[in-house]
Each structure stands twice: as C-alpha cells, then as structure tokens.
Amino acid sequence: MAEPSTAALRSFDEEALPHLDTLYRVALRLTADPTLAEDLVQDTMLKAYRSWRQYRPGTNARGWLLTILRNTFINDFRRRKHEPVAMDLEAVEPHAIYRSVQDTDPEGTFFSQIVDAKVVEAIDALPADFREVLALSDIEGMSYGEIAETLKIPVGTVKSRLFRARRQLQARLYAHAVEMGYIKPREAPR
Amino acid sequence: MSRLDCEEAVAHLYDYLKLELTPDLVEEVRTHLDRCCDCAGHARFEQQFLQMLEARVSKETCPNEVRARIVAALRAAARGS
C-alpha cells in the first residue's frame with residue numbers, strides 16, 4: 001500500500017508533531033499509566049500519519065489528532081487498563097468545597113500545599129469520562145465547542161461532565177488536604 | 001431582565017470563569033457577583049482552583065526518548081518498511 005510522500009511527511013512534521021506534548025498529556029490522563037500512554041501516542045501518530053491525506057491542511061490539527069487518540073484508546077487500550085471504580089456521583093451532585101473552607105481558607109491556599117504528584121493522582125482517580133473533559137478543558141485549554149467536536153458529544157454534556165469532574169476533583173483534593181493536616185476539617189454543625 | 005439568585009449564579013461560575021457564557025449571562029453573573037460578597041468569594045476560590053490545575057499539570061511534556069522513538073517509527077513508516 002502506498003505511503004504518503006516526502007512532502008506529506010514534511011507537512012505532518014509541521015502540523016502534527018507540535019501537538020505531541022498535548023497528545024502525551026491527554027494519553028497520560030486517559031490511561032493513567034505512563035507506559036500505556038507512550039504506546040497510545042505512538043499508535044495515534046502512526047495512524048494519523050497513514051491517514052494524513054484525509055486531514056485538511058490548516059484546519060484543527062489538534063482536534064483531529066485527539067479524535068484519533070480517543071478512538072485508538074477506546075478500541076485498543078480501554079480493556080488493557082484497570083479502570084477505577086466510578087464513585088457513585090453520577091446521580092449525586094457533590095457539594096461545593098468552598099462551603100467547607102469559606103470560613104477558614106476562602107482563597108483556597110491549601111491547594112498550593114498539595115504536591116504536583118498528588119494533584120495528578122487525584123485527577124487519574126476520576127472516572128474516565130471526567131478525566132478526559134478535564135484534561136482537554138482545564139489542562140489543554142480547549143473551548144467547550146472544540147471539546148464537543150473532538151469527543152462527538154453535545155456541548156451541554158461537556159459542561160455537565162466538567163462541572164461534576166471539577167467538583168469531584170476538589171472533593172478529593174480537599175480530603176487529601178485534611179488528611180495531611182494542610183487544613184482543618186469544618187466542625188460538624190451542632 | 002431576570003436576576004440570578006445565588007444558586008443560579010454558582011451554577012454558572014465555572015462557565016463564567018472559562019469565558020464560555022453568552023454575553024447576556026456574563027452580564028447577569030457579573031451583576032450578581034458585584035452585589036453578593038459570598039458568591040464573589042466563591043468565584044475567587046474557583047478561579048484559584050482552575051489556575052492551580054492548569055499550572056500544575058500542563059507543564060508535563062512528552063519525554064525526549066519517547067519523542068525520538070515516535071519520530072523514528074514515523075520515519076520507518078515513511079520508508080514503507
């Protein structure tokens with residue numbers, strides 16, 4: 001089968017390779033495993049390269065690549081990975097952590113005491129659908145519209161997943177901060 | 001124009017901070033935050049949270065050896081091997 005030409009390789013280098021860091025970070029969040037993330041990014045790049053002629057130059061290369069990454073993850077990787085048991089929060093709306101800290105730490109300075117590795121761990125403990133939107137929006141800075149297009153879901157779904165993902169992440173970080181003594185738990189109302 | 005109550009304003013906070021609201025809603029949320037200290041405090045807290053997230057996690061980059069491996073695999077594919 002004919003592979004893309006040298007010119008195609010050059011345009012791939014120019015348009016696709018700059019997004020490698022983004023693909024790697026999103027792959028890390030999807031797989032929550034560095035070894036799997038490396039394989040996922042490599043498979044994604046090879047697939048993208050082989051179908052490069054389907055990409056329209058100058059359009060959204062990042063979104064195009066992320067769609068391939070996601071499909072590859074779902075088709076080839078999801079079953080290889082141990083998925084954390086989803087917390088039963090699909091139905092229950094977690095309360096805003098601000099309510100627990102507004103009297104003691106309203107600026108959320110306890111966040112800055114949590115080490116990077118723990119922040120990553122807390123994200124990776126979220127259900128996969130939540131990790132995904134959180135990574136695309138709050139880490140990669142994609143707009144809700146761009147995320148909806150990449151994931152092929154309605155913007156309203158992006159919003160509601162993000163809302164719950166952020167609340168759930170806050171709850172985890174708060175629990176960690178309490179455990180570590182960075183912040184005192186609010187006394188139970190009498 | 002309808003006025004947002006606290007619960008509605010808080011429900012829109014993330015989208016407000018992410019610049020994802022329609023101009024009408026931006027105005028309504030802003031009006032509410034100007035008048036409500038409690039929600040304004042909540043908004044500052046959520047902003048801290050979002051900034052912390054981006055600052056902590058977006059600096060991870062693809063390790064050089066992984067990058068090299070991927071580029072080599074692409075070159076091999078280009079040669080049709």
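No lab work stands behind these numbers, since they all come straight from the coordinates. Because the structure is a prediction, the values reported are computed rather than measured. Please note: Cβ atoms are built from the backbone with ideal geometry, for glycine as well, and neighbour counts cover all protein chains shown.
Assorted remarks:
- For the protein assembly as shown, size of Cβ-based charge dipole, Lys and Arg +1, Asp and Glu -1, in debye: 880 debye
- Using the average count of surrounding beta-carbon atoms within 10 Å as a protection proxy, the listed peptides A:23-32, A:127-136, A:10-19 rank, highest first, as A:23-32, A:127-136, A:10-19.
- Helix axis angle, A:61-72 relative to chain A longest principal axis, alpha carbon, degrees: 80 degrees
- Its alpha carbons give the stretch A:121-165 an Rg and a Dmax of 9.6, 28 Å.
- 222 nm mean residue ellipticity, helices alone, for chain A (DSSP H n ≥ 4; -39,500 (n - 2.57); rounded to 500): -17500 deg cm²/dmol
- Computed packing ranks the peptides A:145-157, A:50-62 as A:145-157, A:50-62, most packed first, by mean other Cβ atoms within 10 Å.
- In range of the label at B:Leu19: residues from the stretch A:125-146 whose backbone nitrogen is under 16 Å from the point 7 Å along Cα→Cβ: A:137-146
- C-alpha center-to-center spacing [the stretch B:1-72, the stretch A:16-61] in angstrom: 26 Å
- Per-pair calculated FRET efficiency, R0 = 35 Å: A:Ile74 and B:Arg79 via Cβ, rounded to 0.05: 0.70
- Within straight-line reach of B:Lys59, meaning a Cα separation under 15 Å, sit the following aspartates and glutamates at least 8 residues removed in sequence or on another chain: A:Asp21, A:Asp116, A:Asp138, A:Glu140.
- Rg [Å, one decimal], Dmax [Å, integer] - the stretch A:6-80, C-alpha atoms: 12.0, 37
- The base-10 log of I(q)/I(0) for chain B, evaluated at q = 0.18, 0.23, 0.25, 0.27 Å⁻¹, reads -0.76, -1.03, -1.12, -1.21 [Debye formula, identical scatterers on Cα atoms, solvent excluded].
- Under 22 Å of direct C-alpha separation, and excluding same-chain neighbours fewer than eight residues apart, A:Lys159 reaches these lysines: B:Lys18.
- Neighbouring partner chain Cβ atoms per residue of B:40-51, average, 10 Å criterion: 5
- Pairwise Cα distances in chain A exceed 24 Å for 47 percent of all pairs.
- The mean number of Cβ atoms from other chains found within 10 Å of a Cβ in peptide A:114-126 is 2, as a whole number.
- The Cβ shell under 9 Å around B:Glu28 holds other residues with a net charge of -1, Lys and Arg each +1, Asp and Glu each -1.
- When the P(r) is computed for the stretch A:98-180, the part past 15 Å accounts for 59% of the Cα-Cα pairs.
- In chain B, helical runs assigned H by DSSP with n ≥ 4 each contribute -39500 (n - 2.57); averaged across all residues and rounded to the nearest 500, the mean residue ellipticity at 222 nm is -23000 deg cm²/dmol.
- Label zone at B:Glu54, where the point sits 7 Å out along the Cα-to-Cβ direction: the stretch A:105-135 residues whose backbone N lies under 16 Å: A:134-135
- Net charge, A:Val115 excluded, C-beta distance under 12 Å - Lys, Arg +1, Asp, Glu -1: 0
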